[in-house]
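Participant: Input: one structure, supplied below.
Laboratory data are not the source of any read-out in this text; all were calculated from the coordinates shown. Note that the structure is a prediction, hence the values are computed from the model and not measured. Here Cβ is always computed from backbone atoms with ideal geometry, including for glycine, and neighbour counts include all displayed protein chains.
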Amino acid sequence: MSYKCNKCNQKPVIFQKYSGMHLCGQHFIEDVERKIKLSIRKEMNINKNDTIAVALSGGKDSSVLVYILQKIFKHRPDISLLAISVDEGIHGYRNSTIESAKELADKLDVKHQIVSFQEEFGKTLDDLVARKRIQGACTYCGVLRKHILNRVAREMGANKLATGHNLDDEAQTILLNHIRGDVERLVRLAPTKELDGLVLRAKPLRKIPEKEVALYAYLHNLPVDYSECPYAKEAMRGEIRDHLNELEVNHPGTKYSLLSGFDKMVKILATAYPETNIGSCKICNEPCTSQLCQACKILNSSIE
Ligand code: SF4
């Protein structure tokens, strides 16, 4: 039996099991872009003269994000878009993704800034994890990357910072925090507000499944690097990803349900975990909620 697009009878490029729809290339693209525009409207509170920074790694998610944001805002001359790539210093991995990021930013004519752990902290992620460590590489990487992105985005005049987290990433993180019983971290996963010194973060792809992001990148022939970080295998996230993918096959819509359940629950939980006052870190002066920011805690604990 040959299937047809539910909207126009053309040959489909995808079957969305969770929606029951077959979609051709054009209607698939429209569907992805519609969901992203909705997320932008809900989460990003776009105003006249906004500057949006995109964390561009060179992988499929952030590449699709910068491509779509450029497409959406190219007719708004008051909105500026820029891309920031962070080179954590991961041997055999990051160099090639940075090259893809450069190529895409060039192609889209988006201002692009590359910053590295080495320049910023005097050491690479590889250096940090080679020393005595008490946490996984991804914890160091995530905290330090967030720190750099916020500072550089702010210094480049951005008031919004968009990251390429997709539905799979979000569903995995929600489940991971449940499994660890880390309710506080779960609450912090919610869309942020603009606070002193902290650029508002947004995840416009959070409702797009990973496979659909990959298909969108493929259909647009974006220069994307598909290599996997060598530290990814260490993380418990990999196990969660496999379980979730199995659940999604057997029970389509599981990832969406996890996310929409979280969105409802987080509003209630936020009252039990109110936002703490933002001060500044005693060492680097960046915004934080205690004496030292997480990045300085990590960097100081790794000095031997
Ligand atoms: Fe960083 Fe972990 Fe992602 Fe590698 S897998 S880039 S270490 S967060």
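Participant: Please compute the alpha carbon radius of gyration of region 82-210, then divide it by the globular-protein estimate 2.2 N^0.38 Å. Two decimals is fine. Don't skip to the end; give the middle numbers.
Facilitator: Numbers: Rg = 15.7 Å, N = 129, 2.2 N^0.38 = 13.9 Å.
Output field value: 1.12.
Participant: Report the charge-dipole magnitude of region 41-116 in Debye, nearest 20, computed about the Cα centre from +1 at each Lys and Arg Cβ and -1 at each Asp and Glu Cβ. If you can, show how the numbers build up before the last one.
Facilitator: Working: 11 positive and 10 negative charges, 74 e Å.
It works out to roughly 360 debye.
Participant: Moving to a separate point now. Placing +1 on the Cβ of each Lys and Arg and -1 on the Cβ of each Asp and Glu in the chain, which of 39, 158, 62 has its Cα farthest towards the positive end of the resulting dipole?
Facilitator: The residue sitting most towards the positive pole is 39.
Participant: If each residue's Cβ is checked for other Cβ atoms within 10 Å, how do 263, 106 rank with the fewest at the top? If you can, show how the numbers build up before the last one.
Facilitator: On the way: 263 14, 106 11.
Ordered from fewest to most neighbouring Cβ atoms within 10 Å, 263, 106 come out as 106, 263.
Participant: Right, here's the next one. Taking the number of other C-beta atoms within 10 Å as the exposure measure, put 226, 93, 140 in order starting with the fewest.
Facilitator: Numbers: 226 11, 93 19, 140 24.
Lowest to highest Cβ neighbour count: 226, 93, 140.
Participant: Now for a different question. Mind listing P(r) for region 238-304? All alpha-carbon pairs, 10 Å bins, whole percents.
Facilitator: The distribution over region 238-304 is 17, 23, 23, 28, 10, 0, given as percents.
Participant: One-quarter of the Cα convex hull surface for region 182-297, in nm²?
Facilitator: Values: hull surface 40.6 nm².
Quarter of the Cα hull surface area: 10.1 nm².
Participant: Any chance you could count the Lys pairs in region 162-287 whose alpha carbons are under 18 Å apart, treating pairs 8 or more apart or on different chains as valid?
Facilitator: Number of lysine pairs found: 11.
Participant: Per residue and in Å³, how big is the convex hull formed by the alpha-carbon atoms of the chain? Before the final figure, lay out each step's value.
Facilitator: Values: hull volume 44.1 nm³, N = 304.
That works out to 145 Å³ per residue.
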